[in-house]
1. Mind putting a number on the dipole of region 297-378 about its Cα centre? Charges go on the C-beta only, +1 for Lys and Arg and -1 for Asp and Glu, and I need it in Debye to the nearest 20.
2. Can you order the peptides 280-286, 44-50, 165-171, 137-143 by their average number of other Cβ atoms within 10 Å per residue, highest first?
3. Among the listed pairs Lys337/Lys371; Lys150/Lys314; Lys150/Lys337; Lys5/Lys160, give every one whose C-alpha distance is greater than 29 Å.
4. Out of Thr327, Ala222, Ala105, whose Cα points farthest toward the positive end of the dipole of the chain (charges: +1 Lys, Arg; -1 Asp, Glu; placed on Cβ)?
5. Quick one: Debye curve from the C-alpha atoms of the chain, no solvent, what's log10 I(q)/I(0) at q = 0.12 Å⁻¹?
6. For a quick check: with amide H placed at 1.01 Å from N, whose amide H comes under 5 Å from Arg30's, ignoring anything fewer than 5 positions away on the same chain?
7. Students often check this: by mean Cβ neighbours within 10 Å, which of 149-157, 3-11, 268-276 ranks highest, and how do the rest follow?
8. Taking amide H positions as placed 1.01 Å from N in the peptide plane, with prolines and chain starts having none, which residues 5 or more places from Ala10, or on another chain, fall under 5 Å of its amide H?
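Computed from the coordinates by the stated procedures, all read-outs in this text should not be read as laboratory data. In this text, all values refer to a predicted model and were calculated from it rather than measured experimentally. Positions of Cβ are backbone-derived with ideal geometry, glycine not excepted, and every protein chain shown enters the neighbour counts.
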Amino acid sequence: MATSKVLAGAQVVLPTGTVPDGRVIVDGTRIAGVAPAGAETVDLTGHWLVPGFVDLHNHGGGGASFTSGTVEDVLKGVHTHRLHGTTTLVASTVTGEMDFLAQRAGLLSELAEQGDIAGIHFEGPFISPCRKGAHSEALLRDPDPSDVRKLIDAARGHAKMLTLATELPGGIDSVRLLAEHGVIAAIGHTDATYEQTVEAIDAGATVATHLFNAMPGLGHRAPGPIAALLEDERVTVELINDGTHLHPAALELAFHRAGADRVAFITDAMDAAGFGDGRYMLGPLEVEVRESVARLVEGGSIAGSTLTLDRAFKRSVTIDGICVEDTVRALSANPAKLLGMYDTVGSLEPGKDADLVVLDADFTVKGVMRKGAWVVEP
């Protein structure tokens with residue numbers, strides 16, 4: 001069977017713009033520059049062809065948890081998101097005991113070594129009790145650099161990002177430690193002032209964990225972290241574009257102020273993503289999902305999302321009025337660059353992995369390819 005494919009006729013979104021009636025040639029696992037003899041041709045007329053989506057922040061899906069599940073559970077969750085176009089995924093944990101988080105890091109690092117996930121994101125336990133969201137307050141702690149180092153070491157080189165409230169004791173030193181080890185320091189679940197946030201960015205923090213959520217609102221006398229994170233060119237801002245976490249005006253503000261090159265759409269998904277309503281556990285906390293909105297049973301705080309990135313794509317273009325090219329940046333190129341993976345994923349260019357998503361004219365997923373093999377065949 002030929003390993004080469006020509007995907008022809010779609011509107012192909014490239015880093016330089018959209019090419020109507022374009023051709024993408026896949027040779028084995030990678031994108032090639034020319035069509036080899038005997039290549040299989042797939043007619044995608046009337047469709048869009050975009051890079052595979054890259055999710056920086058994801059706790060699970062398909063009824064499976066990255067924070068507490070088995071290897072098989074994690075793989076089930078990863079596959080669920082692949083069906084929705086996410087070909088590169090960073091697995092996120094939630095607040096837990098340090099020994100448990102180190103153990104999870106060991107399990108997840110094995111999957112990273114196999115190429116099933118792109119790395120690990122630790123969300124907590126170094127976050128503010130004032131902005132804890134769906135994290136157990138009893139398990140929170142200040143970001144002592146020695147504890148941060150324990151998680152980095154447990155991940156065996158696969159720690160990609162750690163979210164912390166940088167205003168807490170040890171926060172700035174921990175940011176510096178993360179930067180020294182090539183781990184993204186993300187500001188989130190924070191009660192920081194504007195000035196404290198600026199200090200953290202200057203120390204090396206480069207990401208806003210789900211901007212607007214789990215942090216003080218934008219004030220005209222006390223602008224807080226939002227203003228600092230939006231204005232600094234060194235910071236990429238995560239946005240959960242599910243229609244629940246953000247008002248459309250907040251999303252428009254982020255795109256307008258930060259610019260399309262500094263926005264990364266994430267899911268912050270939990271087990272129910274791609275699965276359905278019901279009761280779930282997020283770490284030690286019970287969550288109820290009703291009409292696809294996840295909230296803690298006790299207290300009612302929003303507990304992650306049930307979002308998949310194809311829905312974020314469709315909402316961005318059809319409801320928020322963001323152009324396709326900027327939406328692709330937010331879903332693919334920007335997170336890939338942030339992860340240091342743009343040489344292999346994040347755009348449709350020769351030599352990169354053949355990670356592709358086929359969308360119909362209504363921006364519904366019709367095909368997904370990962371490393372040259374169809375996950376969903378159009």
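1. Values: 9 positive and 12 negative charges, 17 e Å.
So the magnitude is around 80 debye.
2. Values: 280-286: 18.3, 44-50: 20.6, 165-171: 22.4, 137-143: 15.9.
Those peptides, ordered most packed to least, come out 165-171, 44-50, 280-286, 137-143.
3. Details: Lys337/Lys371 18 Å; Lys150/Lys314 40 Å; Lys150/Lys337 26 Å; Lys5/Lys160 33 Å.
Checking Cα-Cα distances, Lys150/Lys314; Lys5/Lys160 exceed 29 Å.
4. Thr327
5. The Debye formula, applied to the Cα set alone, gives -0.85.
6. Ala354
7. Values: 149-157: 18.0, 3-11: 20.3, 268-276: 25.7.
Per-residue Cβ counts within 10 Å, averaged per peptide and sorted highest first, yield 268-276, 3-11, 149-157.
8. Here the answer is Gly22, Leu44, since their amide H atoms fall under 5 Å of that of Ala10.
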